[in-house]
Amino acid sequence: IQQPVLETGPTSINQTSPTLDQDNHQSTYPFGLNVVADSADLNDPQIAWGIKWEFCRLATQRPVTFSDALLAELRGKHVDIAPKLRQLVRDHAQKRDRTTSDKSQAWSQPSRESAIIAPWEELDREDQAWERGADEGIGLKTEDGWYGGKVQFITTLDWEEKKKRFKVNLNVPTTGKSTHFGRAFHSRSCITMRITKNALKQPKLKQYLKACHRFFGRDFYVLDASTEKVTLVDSKARRPNHDPSTEMPEERLGLIWMLNYLNPMEVNQGQSVSKWRARFQLYFSDTVPGFRVDLGRIFEVPDLELPHDGEKCPAEKVLTDGCGRISLRALKDIQNNLKLDHPISAVQLRFFGAKGMALALHPSTQEPEEPGDIILRPSQVKIHMDARYETDEAKLTIDIVRPAKITTPARLSAETIQIMSHNGVPTHVFLELQKRCFEEDFSALVDWPADKPLVKLALAVAQTQNVVGSRRARLARGMARARGLSSKSWDEVEEGQDEVETEADQRSAAWWPDDVSGCPSSIAETCLVNLQAGFRPESLPYLKNKLRNLLDDTLSRYVDKFRITVPQALTGTLVPDPSGELKPDEISISLSEPMEINGKKVMILRNPAKQETDVRKVKIVNCPKLHQLKDVIVVSVRNKDRSLASRLGGGDYDGDKAQVILEESLVKSFRNAPTDKALEVPKCVKDSFKCDNGSVANLLVDKQNNEAHFNGRLSDILLLPLNVYPGEYSIWHELAVYIYGLGSDEAIRVGH
């Protein structure tokens, strides 16, 4: 339930705020001050941040009168005060209204779901860790492997039409994903503000968001933005044991210190302002701490590049784009810290301003292990650090996005089917494959063998609907992605973007059995629970109807979404060949679980696939030097014109995943695109856009010339992605393919 908390005008200061003269206010808050949730009565250091947040949220539903007795009851730990807050607000609200308390309402004990997502114990542990000052929140410092930054403080910004003003709702805080920023600065230092469709339409929205936002005596500013939300950070948040004497005078105002700590302009002047702004997303993506590196054990080696014109190598000619190396010692520690029961050959990570993949560094006669723990490539380094913070333990911690793994089977999307059909695969092959796969799934759910029919049916429900995987992801919560348990299929996330936990994701993660009935929320899990209890569909109409609904969903997945499951296919992470043995258009896959795949012609593709060149036929070969690299797709670095990943929809090796199709009926008749015409960006596309991103260096010149103009431009840059909806060109591309054909000039133009 989300209730309005405090309503604020775009640049208002309420009467509980500190008194500021007009000139001082204008210099401190040049874009105004939005007092979202602030009260002099709550500025008591003995009242915990989470208690202030939840009390303020509840008090708007039942306004209360502050008293010494009320404030005394708010002091203490989160776990002690939070369970009493609702009754406390009710009692004090009723005292003000001179009404009697309703004793008839019983309070239920916390459910299993609330025990998992309740943030109170986690907030207490973060507070205690910060009081000790040992920087435990960044992880890898306690015996139980605890780390901080797991609590989500979320607000919703709406527009109230009657009062013509923005309205902020505080949502219930919960535990969820952990971010680098949350671990480094405490969960309370970051607030996510979701923006409703109604608020997004308001012309004054960006002006409102540029202002400072005050929460309980602390000033927050927008640091990152996406289509329908912004991320606010505490401008006064500092690292444990921070030395104030190292701060420059200008860093004491607004976000300047935070910008210099996270992504300093002075040492990143070569970046365009749009890329500089996008780098902040590295600090807010879903990660977990994996390994801490000594500064002296970080090495950098050059990328493998093809010959090119100009000083900067184009991305498609960088054969190792986004992939470095990591020591076996580090990988072993990461495996233990993630509690994985299998060794890993590569991880997707964030580290020291870099991002991408790190491939195991196996010592051998051909490749002796370097004396370092991690080897970075220039293509991975996105942020150059301020020299003052190079020894910061948070920056020297490898943050894990996910370990590399192979999954099977794979699914063909409608776009992939179009490309395969365009490149020679007959239509009847798709229909036969769809029919075969559907009959296998359907028959498993309706044809139960005489011996142990319920066991076989329960197994079919669990396997076809991924019930067990969903349960494990639900229990893992913030660790689901790092352990490879993310409920999202890889092809449901745009490559090159971080998975961000949306409101819908949070609701789906909270699909727990009902506290009263014990009935699960999903149809598949309901069927499984009933079957495990011994009920039979023919004797229980309720279970029979649920199974019928499950069959309808299965049919809809095949017909309406037209996604074909390919049993002889796998999905894995792309990495460049460290040995240099593979020839052009050769790949190597060494699986933990044996599977006969070597020597076969296969198709390889990335999602989303748009152009006729985005699916390519290659050969899987057996390369003994690569046998130790398990569960990754190793591709050749001996291409003559561009990297194989760049051929697959403009990919690279920073964590991109690919499908490898081994199904003979599909591969046999497929042929590669006759030309590389679709790989090149048409001149008409280049001429259609004005490239004027500007550089960070120009922005700094602007700062020297006009400080006020610089501040306004900086705020505009940080809010660039807001209210920009991707996807429209994808729809136009589908129409162009339908009307003109996949290989037409118009389809290629719109695809680019």
Quick check: the angle from helix 85-97's long axis to the longest principal axis of the chain, C-alpha only, nearest 10 degrees? 40
Mind jotting down the distance between the C-alpha centroids of region 417-436 and region 545-574, whole Å? 16
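Between ILE731 and LYS204, how high is the FRET efficiency from 1/(1 + (r/R0)^6) when r is the Cβ-Cβ distance and R₀ = 22 Å? Nearest 0.05.
0.15
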Segment GLU161-LEU551, length gained on full extension (0.36 nm per residue, minus Cα span): 135.9 nm
Could you please put LYS600, LYS617, LYS312 in sequence from largest to smallest accessible area, using a 1.4 Å probe? LYS312, LYS600, LYS617
Along the charge dipole of region 144-193, pointing to its positive end and built from +1/-1 on Cβ of Lys, Arg, Asp and Glu, which listed residue (SER189, SER178, TRP146) has its Cα farthest out? SER189
Name the residues of region 269-306 whose amide N is less than 17 Å from a point 7 angstrom out from the Cα of ASN698 along the C-beta direction? 269-278
Computed lengthening from PHE442 to PHE562, 0.36 nm per intervening residue step minus Cα-Cα distance: 41.6 nm
How much length would be gained if the chain were fully extended between LYS683 and VAL267, taking 0.36 nm per residue of separation minus their Cα-Cα distance, in nm to one decimal? 146.3 nm
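Would you kindly state the longest site-free stretch of the chain, with sites defined as GluC sites (Glu not before Pro) in a DSSP loop (not H, G, I, E, B) surrounded by at most 10 other Cβ atoms within 10 Å?
Counting only loop sites that pass the neighbour cut-off, the longest clear stretch is 312-537.
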Checking the table LYS583/LYS686; LYS77/LYS210; LYS317/LYS619 against a 26 Å threshold on Cα-Cα, which pairs fail? LYS583/LYS686; LYS77/LYS210
To test your reading of the geometry: what angle, between 0 and 90 degrees and rounded to tens, separates the Cα axis of helix 328-337 from the longest principal axis of the chain? 60
Which angle from 0 to 90°, rounded to the nearest 10, does the C-alpha axis of helix 427-446 make with the longest principal axis of the chain? 60
Using a 1.4 Å probe on the protein heavy atoms only, what accessible surface does HIS308 show? Give it in Å² to the nearest 10. 60
Give the accessible area for SER421 in Å² (nearest 10); use a 1.4 Å probe, count only protein heavy atoms, and leave out ligands, DNA and RNA. 50
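Got a sec? What order do VAL172, VAL222 fall in by accessible area at 1.4 Å, biggest, i.e. largest, first?
On the way: VAL172 65, VAL222 15 Å².
So the residues, ranked largest to smallest area, are VAL172, VAL222.
Classify the chain as rounded, prolate or oblate, taking a ≥ b ≥ c as the square roots of the eigenvalues of its Cα gyration tensor: rounded when a/c is under 1.5, otherwise prolate if a/b is larger than b/c and oblate if not.
oblate
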Theoretical ellipticity at 222 nm over the chain - DSSP helices of four or more residues, -39500 (n - 2.57) apiece, nearest 500: -9500 deg cm²/dmol
Spin-label model distance (nm) - LEU328 vs ASN598, 7 Å beyond Cα toward Cβ: 2.1
Rounded to the nearest 5, the percent of DSSP beta bridges in the chain running antiparallel is 75
Expressed per residue, the solvent accessible area of the chain in Å² (1.4 Å probe) is about 47
What longest region of the chain stays clear of chymotrypsin sites (Phe, Trp or Tyr not before Pro) that DSSP places outside H, G, I, E and B and that have at most 11 other Cβ atoms within 10 Å? 108-688
Carbon and sulfur together cover what percent of the accessible area of the chain at a 1.4 Å probe radius? 51
Decide, for region 219-302, between rounded, prolate and oblate: order the square roots of the alpha carbon gyration tensor eigenvalues as a ≥ b ≥ c, take rounded if a/c falls under 1.5, and otherwise choose prolate if a/b is larger than b/c, else oblate. rounded
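The values are calculated or read from the model by the stated rules, or taken from the named source; none is laboratory data. None of these values were measured; they are calculated from a predicted model. So basically every Cβ, Gly included, is an ideal-geometry build from the backbone, and we count neighbours across all protein chains shown. Ligands, DNA and RNA are excluded from the accessible area calculation, which covers all protein heavy atoms including side chains. Shrake-Rupley method; radii C 1.70, N 1.55, O 1.52, S 1.80 Å.
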